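I am attaching a structure below and will ask some questions about it afterwards.
The values are calculated or read from the model by the stated rules, or taken from the named source; none is laboratory data. Just so it is clear, the model here is predicted, and its values are computed rather than measured. Note that each Cβ is placed from the backbone with ideal geometry, even for glycine, and that neighbours are counted across all protein chains shown.
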Ligand code: FES
């Protein structure tokens with residue numbers, strides 16, 4: 001299980017956090033990870049000047065554009081869910 005928080009504070013919202021959320025939702029659905037990923041909004045992750053900020057587990061990423069979401073998903077989110085899946089199966 002991994003929690004993803006996308007900042008929807010005013011600065012991040014104006015820089016496109018809504019489309020980042022849409023892209024993450026699509027990838028969660030595409031990979032059928034609805035039961036392994038919690039997607040939340042956050043009202044400020046205190047990196048307002050750095051672009052859309054996304055927190056994956058305990059890691060924080062700034063300057064995320066819609067085009068970066070797939071890469072972030074593959075590098076940070078998918079491995080966390082696979083780890084969870086393998087642990088659950090005792091692998
Ligand atoms: S508004 Fe997004 S980090 Fe502050």
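Would you call residue 64 assigned to a loop (DSSP other than H, G, I, E, B), within 16 Å of the ligand (Cβ to nearest atom) and in contact with a strand residue (DSSP E or B) (Cβ under 9 Å, 6 or more places away or on another chain)?
yes
Given (1) surrounded by 15 or more Cβ atoms within 10 Å (Cβ to Cβ); (2) more than 13 Å from the ligand (Cβ to nearest atom); (3) part of a helix (DSSP H, G or I), where does residue 4 come up short, assuming only one miss?
Every condition holds for residue 4 apart from (3).
Let me ask something else. Going through 20, 54 one at a time, which residue ends up being near the ligand (Cβ under 10 Å from one of its atoms), at pLDDT 95 or above and touching a helix residue (DSSP H, G or I) at 6+ places or on another chain (Cβ under 9 Å)?
Exactly one of 20, 54 is near the ligand (Cβ under 10 Å from one of its atoms), at pLDDT 95 or above and touching a helix residue (DSSP H, G or I) at 6+ places or on another chain (Cβ under 9 Å), namely 54.
Let me ask something additional. From the list 73, 13, which one is within 11 Å of the ligand (Cβ to nearest atom) and either without any contact (Cβ under 8 Å) to a residue 24 or more places away in the chain or out of contact with any strand residue (DSSP E or B) (no Cβ under 8 Å at 6 or more places or on another chain) (or both)?
Details: 73 fails: within 11 Å of the ligand (Cβ to nearest atom).
One residue alone meets the criteria, 13.
Looking at 91, 14, can you tell me which residue is exposed (fewer than 13 other Cβ atoms within 10 Å of the Cβ) and at pLDDT below 95?
On the way: 14 fails: at pLDDT below 95.
Within the list 91, 14, the selection yields 91.
Take the residues of region 25-43 that are exposed (fewer than 15 other Cβ atoms within 10 Å of the Cβ), assigned to a loop (DSSP other than H, G, I, E, B) and at negative phi: which is farthest from the ligand (Cβ to nearest atom)?
It comes out as 35.
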